[in-house]
1. Just checking, does the stretch 207-222 include any residue being buried (at least 19 other Cβ atoms within 10 Å of the Cβ) and within 16 Å of the ligand (Cβ to nearest atom)?
2. Condition check: farther than 29 Å from S139 by Cα and either out of contact with any strand residue (DSSP E or B) (no Cβ under 8 Å at 6 or more places or on another chain) or part of a strand (DSSP E or B) (or both). Does S25 satisfy that?
3. Scan the stretch 99-120 residue by residue and report those that are out of contact with any Cys (no Cβ under 7 Å at 6 or more places or on another chain) and of a type in the set (D, E).
4. Taking the stretch 122-137 as the region of interest, how many residues are open to solvent by less than 30 Å² (accessible area, probe 1.4 Å) and farther than 20 Å from S25 by Cα?
5. Can you report the number of residues in the stretch 223-275 which are away from the ligand (no atom under 11 Å from the Cβ), of a type in the set (A, V, I, L, M), touching a strand residue (DSSP E or B) at 6+ places or on another chain (Cβ under 9 Å) and free of Cβ contacts under 8 Å to residues at least 24 places away in the same chain?
6. Condition test on V94, is it at pLDDT below 95 and either within 15 Å of the chain's Cα centre (by Cα) or part of a strand (DSSP E or B) (or both)?
7. Out of R191, R198, R202, I need the residue that is under 21 Å from E246 (Cα atoms), surrounded by fewer than 19 Cβ atoms within 10 Å (Cβ to Cβ) and of a type in the set (K, R). Which one?
8. Does R184 count as without any contact (Cβ under 8 Å) to a residue 60 or more places away in the chain and closer than 21 Å to V260 by Cα?
Amino acid sequence: MPELPEVETIARGLASRVTGDFIESVWLGSKPEPLKSPAAEIAATLQSRRIADVRRMGKHIVFELVGTRGRSGERAGAKAQWIVHLGMTGSMLVCKPDVEIAKHTHAVVKLASGRELRFVDPRRFGRLSVAREFEAGGSEPLDITLDRFITLFHGRKTPIKSALLNQKLLRGVGNIYADESLFRAGIRPRRRAASLTRENLRRLYKSVQEVLKEAIALGGSSVSDYVDSDGQEGSFQLEHRVYGREGERCLKCKTVIKRVVIAGRSSHYCPKCQK
Ligand SMILES: [Zn+2]
C-alpha cells in the first residue's frame, strides 16, 4: 500500500504535469467500489474545471479545482476538490489518449491539453470522491511540532507501532515507515507508547521525519507494484534496514532481524539495536 512518501511522489508528479490544465470530460467505470461519492456528483464536480494544484494530505491525493469553463467564462470562487486514495494497488497515470486503456481502469479524465488522467486499480481498494473542503484527520508528520508529537503518543497504552499506524494521530505513516523509524530510534515496535520517555519520543520524532524525507527524495519504496505517475519505480526499498528483512542480519550489529505480528500487521526489528 502506498504510504506518505509514495503518495507525495505521485502528487508532485501529477502537480508538475497537470496543474493549469482544464478537465474536458470524465468517464467513470461501472464498478461501484472505487466511487466513494456518487458517479454523477464526481463527474459534475470535475467537468469543466481547471486544476489549480495537486497535493498530498496524509495518504490522499487532492486535486484543487477552480472555476467553470462555460459561455460566461470562468466562474470565480467555485472551488472544489477531487480526492483520490490509491488503496492497495491503485495508480494514477497521465498519458496520451492513444495509449491502450489498461484493464481495471475505473476513471478516465480528458484534459484540454489532449492528455488523459487515468485511475487504474486491479484490487479496487482505492477510492475516488469529491469534497468542498476535505478533512484528512490526524496530523501531518512532516509539519507537526515536537511538543505536539510528544502529546500525541504520551500516555497511550497501545504498542508504539500501532500508535504510529493510527491515522487519527499521524496521517500517512504505514507499515514500512513505522518499522524503519522505530529501528532508527532504537525502539521496539511492541513497546507501549506510555512507556517511552520524552527522550525516546524526541528520537522517534526525528527518525520519522528523517525516514519520510529520505524516502520522498528517492521517490518512495517500490514494494509490490507501486509506480509513480510516470510509471517510474522509487528506490527507497534499497534503504530499508528492517522492513522485509526477516531472517537477514542487522546492517548495524549483525543480529538476525525478527518479525512479529502486532495488531494483525507484520513488524520487523533488530532485537539488539531496539529496546
Ligand atoms: Zn542491530
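The values are calculated or read from the model by the stated rules, or taken from the named source; none is laboratory data. Here the structure is a predicted model, which means the values were calculated and not measured. Quick reminder, even Gly has a Cβ in these numbers, built from the backbone with ideal geometry, and neighbours come from all protein chains shown. Ligands, DNA and RNA are excluded from the accessible area calculation, which covers all protein heavy atoms including side chains. Shrake-Rupley method; radii C 1.70, N 1.55, O 1.52, S 1.80 Å.
1. Looking through the stretch 207-222, at least one residue is buried (at least 19 other Cβ atoms within 10 Å of the Cβ) and within 16 Å of the ligand (Cβ to nearest atom).
2. Taking the combined requirement at face value, the residue satisfies it.
3. E100 - this is the single residue of the stretch 99-120 that is out of contact with any Cys (no Cβ under 7 Å at 6 or more places or on another chain) and of a type in the set (D, E).
4. 3
5. Going through the stretch 223-275 one residue at a time, the tally reaches 1.
6. yes
7. None of the other options fit; the residue is R191.
8. yes
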